[in-house]
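Notes to accompany the following structure.
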Amino acid sequence: MTDFPFDLDAGLAAQFARAFDVEGKVPRALEALGPMAGLDVILVDGSPALIDRVAGTGATVTAVASTDGPALDAADGAADVVVVAWSRFSAATAEEVREAQRVLRPGGRLLVVHDYGRDDVAALRGAGEWPAYGAWSRRDGPFLSGGFRIRVIHAWLTFDSLEDAAAFMGGAFGDAGREASGKLTRPRLSYNVAVYHRTIGESAA
């Protein structure tokens, strides 16, 4: 996973990793919603960059990759916090929540990161019918109707120059990216991230 909700080739993925959230807003929000410092965190499908940033909060991070179905490759009660990076919990099904509950200790926190949309990246990609840009964040959507709350992070893709931004935009978004890059006045794109969060189970007495 490259901390991006669609595929990029290796060169574009490296550009994205350098540009994404250089302000560190995402790990700060995850720490605030966890919290994570001094605790055991399982990070599902995080890129090396995100793993390093979460570890930088003072958490002990175990990185795991997605498997087929809802199962997480972790022992019962292994974590205080589970962070899922873009790839899972697209519908927050009962099976997924039960699996998170299995992995978490009593009172553990589940943080699910997805795109929020309403930003430059969504406009370039084309919102279409992709539910992350609308349905998932509604009150009757799978998260908010299922006991999750939402924190929206107004992050950025920040490039070293307008030329670097244009190269990324053209490579990632084709003609739409090339056209939009000619209108940039600063080498950055807005990229809003949603963190859906809830406590799983009861705290130990």
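For the stretch 100-149, what class follows from the C-alpha gyration tensor (a ≥ b ≥ c being the square roots of its eigenvalues): rounded when a/c is under 1.5, otherwise prolate if a/b is larger than b/c, else oblate?
prolate
Could you check which residue among 189, 43, 12 shows the biggest mean-square fluctuation in a GNM of the chain with a 10 Å Cα cutoff?
Of the options given, 12 has the highest mean-square fluctuation.
If a/c stays under 1.5 just call it rounded; otherwise compare a/b with b/c (prolate if a/b is bigger, oblate if not). Do that for the stretch 74-184, with a ≥ b ≥ c from the square roots of the Cα gyration tensor eigenvalues.
Note, shape of the stretch 74-184 comes out prolate.
For the chain, set up a Gaussian network in which alpha carbons nearer than 10 Å are linked by springs, and say which option among 45, 21, 140 fluctuates the most.
140
Answer rounded, prolate or oblate for the stretch 7-98, using the Cα gyration tensor with square roots of eigenvalues a ≥ b ≥ c: rounded when a/c is under 1.5, else prolate when a/b is larger than b/c, else oblate.
Judged from the Cα gyration tensor, the stretch 7-98 comes out oblate (a/c at least 1.5, b/c at or above a/b).
As a test of the formula, what do you get for the chain when each DSSP H run with n ≥ 4 contributes -39,500 (n - 2.57) and the sum is divided by the residue count, at 222 nm and rounded to the nearest 500 deg cm²/dmol?
Result for the chain: -9000 deg cm²/dmol, rounded to the nearest 500.
In debye, nearest 20: dipole of the chain around its Cα centre with unit charges on the Cβ of K, R (+) and D, E (-)?
Around 700 debye, computed over the chain.
Springs between alpha-carbon atoms under 10 Å, Gaussian network over the chain: tell me which of 19, 194, 71 tops the mean-square fluctuations.
Most flexible of the set in this elastic network: 71.
Looking at the chain, which longest stretch skips every one of the GluC sites (Glu not before Pro) that is in a DSSP loop with at most 15 other Cβ atoms within 10 Å, leaving the sites themselves out?
Between the exposed loop sites, the longest stretch runs 24-128.
Coordinate-derived values only; no laboratory data. Just so you know, these numbers come straight off a predicted model, no measurement behind them. Every residue, glycine as well, gets a Cβ built from its backbone with ideal geometry; the counts of neighbours run over all protein chains shown.
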